[in-house]
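Below: one structure, written as structure tokens.
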Amino acid sequence: MTDRTRLPTLCVHAGQRKGPAENGLNTPIVTSTAYDYTGGEGVRYPRYLNTPNHQVVAAKIAALEGAEDALVSASGLGSISALLFGLLEPGDHVILLDGLYGGTSDLIDGLLVPWGLRHSTWDGDPGTLAGLIEPRTRLAWVESPTNPLLRVIDLAATAAILNERGVLAAIDNTFATPILQRPLALGFDLVMHSATKYFGGHSDLLCGALAGSAELIDRIRPAAIRLGSSLNGQDLALLERSMKTLALRVERQSASALELARSLAEHAAIAEVYYPGLPEDPGHAIARRQMDGFGGMLGFRLAGDRDPGRFLAALEFIAPAVSLAGVESTICQPSRTSHARVAAAVRERLGIDDRLMRLSVGIESLEDLVEDLGRALGQAG
């Protein structure tokens with residue numbers, strides 16, 4: 001691999017180890033939980049996140065994000081927990097983007113605030129960010145595009161403000177993936193993925209990932225080990241296999257999502273569409289500048305004369321389901337799934353109610369998806 005190797009090629013080849021296992025092209029699956037420690041390579045143990053399969057997947061993720069190092073955990077929240085506990089101390093202050101994924105907010109408010117973390121909420125405007133920084137501000141955490149309203153944050157401007165003041169910049173890059181957005185190149189320090197989503201891509205793996213400098217990953221690794229958030233060799237091999245098609249899947253899903261957003265924006269049964277690929281979207285100009293596509297996720301709000309329950313029941317190919325980014329299209333009400341544990345007053349302020357739908361676009365025929373949505377919207381009236 002070189003600095004000029006392109007992303008689709010990195011998806012297939014980065015991190016891969018050609019071994020003597022009958023000269024097979026695929027990385028051998030190492031299922032052992034017991035390793036000889038006398039060989040001079042240090043102590044290997046699955047919970048230490050240093051088994052051969054773990055190292056292969058971590059190297060692939062680091063290559064895709066343009067990072068020095070990466071680690072893989074058993075869930076996205078496992079990665080977030082390791083990052084926060086690994087880098088922060090009680091009494092530290094962090095800045096959180098308004099409207100984060102509900103699981104992140106629940107982790108911070110339910111576990112880290114009682115532990116001693118303090119936080120402020122940022123509206124996403126770079127002009128207001130510096131005013132939130134305190135002497136003990138250690139980290140700012142953002143998403144872009146956000147879940148579920150697909151807000152776009154100016155990452156380069158955000159990173160410049162934080163870097164100048166010595167505050168770490170961390171981002172959840174799950175929705176964009178490194179195929180469409182590489183925050184480290186824009187000045188961010190750390191990137192997190194719920195690898196369950198696009199990295200896994202087939203709705204059958206639960207995993208998370210972090211990428212950044214070797215120094216930061218080394219600081220975070222002990223917390224990840226202590227939290228016990230590790231994957232076994234078989235799941236890591238499945239994750240490596242899935243990531244080989246990441247570029248193909250994301251490009252197809254992103255192209256279909258753009259067409260679906262255009263179609264829904266013109267439909268009388270839709271009150272509003274949230275998708276940065278639409279020219280009228282508030283984040284469109286920034287997204288065009290910092291992304292190589294607009295992603296396979298979109299949000300939309302049903303008009304007042306459409307019943308959410310009837311709409312979901314009428315769908316044929318698009319399945320109402322928790323999670324996202326599989327090869328199959330899925331849809332959910334964030335008010336009842338990803339953001340169900342967010343305070344009702346916060347959901348109301350953000351506009352996350354039962355009429356808001358989050359659509360994860362799969363790789364099915366675009367025409368079938370358009371017809372499925374149109375039929376369900378008609379029957380919901």
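Can you say whether D372 is free of Cβ contacts under 8 Å to residues at least 60 places away in the same chain, farther than 28 Å from R249 by Cβ, not hydroxyl-bearing (S, T, Y) and not assigned by TED's automatic domain parsing to the domain that holds T146, as far as the supplied structure shows? Considered against the rule, which asks whether it is free of Cβ contacts under 8 Å to residues at least 60 places away in the same chain, farther than 28 Å from R249 by Cβ, not hydroxyl-bearing (S, T, Y) and not assigned by TED's automatic domain parsing to the domain that holds T146, D372 comes out as no. Of the helices (runs of 4 or more DSSP H) entirely within the stretch 63-149, those holding at least 3 residues that are in contact (Cβ under 8 Å) with a residue 60 or more places away in the chain occupy 76-87, 102-107.
Test of understanding: among L111, L117, which residue is within 25 Å of R347 (Cβ to Cβ) and surrounded by fewer than 18 Cβ atoms within 10 Å (Cβ to Cβ)? Steps first, answer last, please.
Details: L117 fails: surrounded by fewer than 18 Cβ atoms within 10 Å (Cβ to Cβ).
That would be L111, the only listed residue that is within 25 Å of R347 (Cβ to Cβ) and surrounded by fewer than 18 Cβ atoms within 10 Å (Cβ to Cβ).
crowded, with 18+ Cβ neighbours inside 10 Å, on the phi > 0 side of the Ramachandran plot and within 20 Å of the chain's Cα centre (by Cα) - does that describe any residue in the stretch 93-102? The answer is yes, given that some residue of the stretch 93-102 is crowded, with 18+ Cβ neighbours inside 10 Å, on the phi > 0 side of the Ramachandran plot and within 20 Å of the chain's Cα centre (by Cα).
Among the residues here, D372 does not qualify as surrounded by fewer than 20 Cβ atoms within 10 Å (Cβ to Cβ), of a type in the set (D, E, K, R) and not in a helix (DSSP H, G or I). Scanning the stretch 331-363 for residues that are in contact (Cβ under 8 Å) with a residue 60 or more places away in the chain and either closer than 17 Å to A255 by Cβ or part of a strand (DSSP E or B) (or both) yields L356, R358, L359, S360, V361, G362, I363.
Every test in (1) of a type outside the set (F, W, Y); (2) more than 25 Å from A268 (Cβ to Cβ); (3) touching a strand residue (DSSP E or B) at 6+ places or on another chain (Cβ under 9 Å) is passed by A345 save one, and that test is (3).
Kindly provide the set of residues from the stretch 163-193 that are closer than 25 Å to G326 by Cα and assigned to a helix (DSSP H, G or I), ordered by number. Listed by number, the residues that qualify are T177, P178, I179, L180, P183. Number of residues in the stretch 180-200 that are hydrophobic (A, V, I, L, M, F, W, C) and surrounded by 24 or more Cβ atoms within 10 Å (Cβ to Cβ): the value is 6.
None of L359, L312 is crowded, with 16+ Cβ neighbours inside 10 Å and either assigned by TED's automatic domain parsing to the domain that holds H193 or within 17 Å of L258 (Cα to Cα) (or both) except L359.
Counting residues in the stretch 107-129 that are at pLDDT below 95 and either of a type in the set (S, T, Y) or in the same structural domain as S329 (by TED's automatic domain parsing) (or both) gives zero. Being β-branched (V, I, T), without any contact (Cβ under 8 Å) to a residue 60 or more places away in the chain, under 30 Å from V167 (Cα atoms) and not in a loop (DSSP other than H, G, I, E, B) is a property that does not hold for V57.
The values are calculated or read from the model by the stated rules, or taken from the named source; none is laboratory data. This structure is a prediction, so every number in the text was calculated from the model and none was measured. We place every Cβ from the backbone using ideal geometry, glycine too, and count neighbours over all the protein chains shown.
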